[in-house]
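Reading through the structure tokens given below for one structure.
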Amino acid sequence: MQLPLGSDPRTEILRRLHAGMIAAFGRIVRPPDKRRSPEWVLAHGVIGAQTKTAASNASTDGLLAEYGSWEAVAQVSLEELEARLQRQTFPSVAAKRLKDCLQAIIAERGAVDLRHLGNLPLEDAMAWLEQLPGVARKNSAGVMNASTFKRKAMVIDGHHRRIMQRMGIVPAKADTAKTYDTLMPILPHEWSAEDMDEHHLLLKKLGQTHCRPRAPDCANCLARQDCETGKRSA
Ligand code: SF4
């Protein structure tokens, strides 16, 4: 039987988790001037596999500074792009994905310009992004939420997925898309796009400090009372 909207008990758990993380870590709010363009966030995600955020930030800024536009970056040879992406963990993969993605956007839109997505329903905008080479759910949600679009889409990375799985909020083997599809309908209705961004950034912090990939520190974790794994470890 389908629960009425807003009555899923996991919604209240997410509210408590959010408040607990703010109490433990403080607010992590992305300042307006740190919101990048949707095109920048897309490129950043396409080259970012297994790479620290700071390195991908530097690579993405470096490409724009050197070539001046994403259309110009799309014309650069794969060898040259690879040489410019040496900070990335997989430079050759990043170069090919980025070139393919930018060229696909130019073929469809005539330029690397994602403004049309701002007028589409969220699901349609994300589906459009996910048909591009190298773009999966984490990146499409990032473009819609963490860029200047500021739309209500939850970004899911490895920390976020692992914590939701361990807490029993999403199925144990849920991939990123399944985690997203499970979470979106049960998020507190009052959360703004900025709240979703902050929730994701706070979960990254929890994943780096307590709910680490190996040896989670359940005994000292703020989420323990609501966490299936934490309760089992008591
Ligand atoms: S109680 Fe343990 S498993 Fe649950 S979120 Fe905290 S560290 Fe992770």
Worksheet, complete the sentence: For the stretch 219-234 the number of residues that are over 26 Å from the mean Cα position of the chain (by Cα) and within 16 Å of residue 21 (Cα to Cα) is 3
Discussion item. All but one of (1) small (Gly, Ala, Ser); (2) closer than 28 Å to residue 213 by Cβ; (3) loosely packed, with under 14 Cβ neighbours inside 10 Å hold for residue 174; state the number of the condition that does not hold.
Written reply: (3)
Practice prompt. Mind telling me which of the residues 115, 97, 137, 109 ends up being basic (Lys, Arg) and touching a Gly at 6+ places or on another chain (Cβ under 9 Å)?
Written response: 97
Discussion item. Out of everything in the stretch 119-152 that is under 9 Å from the mean Cα position of the chain (by Cα) and aliphatic (A, V, I, L, M), what residue ends up being farthest from residue 200 (Cα to Cα)?
Written reply: 143
Response to the item:
Filter the stretch 203-226 for residues that are within 7 Å of the ligand (Cβ to nearest atom) and within 18 Å of residue 15 (Cβ to Cβ); the one that is surrounded by the fewest Cβ atoms within 10 Å (Cβ to Cβ) is 224
Item to complete: Tally the residues that are over 12 Å from residue 24 (Cβ atoms) and either part of a helix (DSSP H, G or I) or under 14 Å from the mean Cα position of the chain (by Cα) (or both), restricting the search to the stretch 204-215.
Response: 3
Item to complete: Any residue in the stretch 25-44 that's farther than 19 Å from residue 134 by Cα: show its pairings with residues that are β-branched (Val, Ile, Thr) at Cβ separation under 9 Å, as long as the two are six or more apart or on different chains.
Response: 25/209; 28/22; 32/148; 35/41; 35/148; 36/60; 36/148
Discussion item. Going through 176, 229, 182 one at a time, which residue ends up being modelled with pLDDT of 95 or more and either assigned by TED's automatic domain parsing to the domain that holds residue 105 or within 16 Å of the ligand (Cβ to nearest atom) (or both)?
Written reply: 229
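So that you can scan it fast, the table gives a plain yes or no per residue for (1) at pLDDT below 95; (2) more than 30 Å from residue 85 (Cβ to Cβ):
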position: 2; (1), (2): yes, yes
position: 11; (1), (2): no, yes
position: 16; (1), (2): no, yes
position: 36; (1), (2): no, no
position: 41; (1), (2): no, no
position: 45; (1), (2): no, no
position: 53; (1), (2): yes, no
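The values are calculated or read from the model by the stated rules, or taken from the named source; none is laboratory data. Remember, it's a predicted structure, so these values are computed and weren't measured experimentally. Cβ atoms come from the backbone with ideal geometry, glycine included; neighbour counts cover every protein chain shown.
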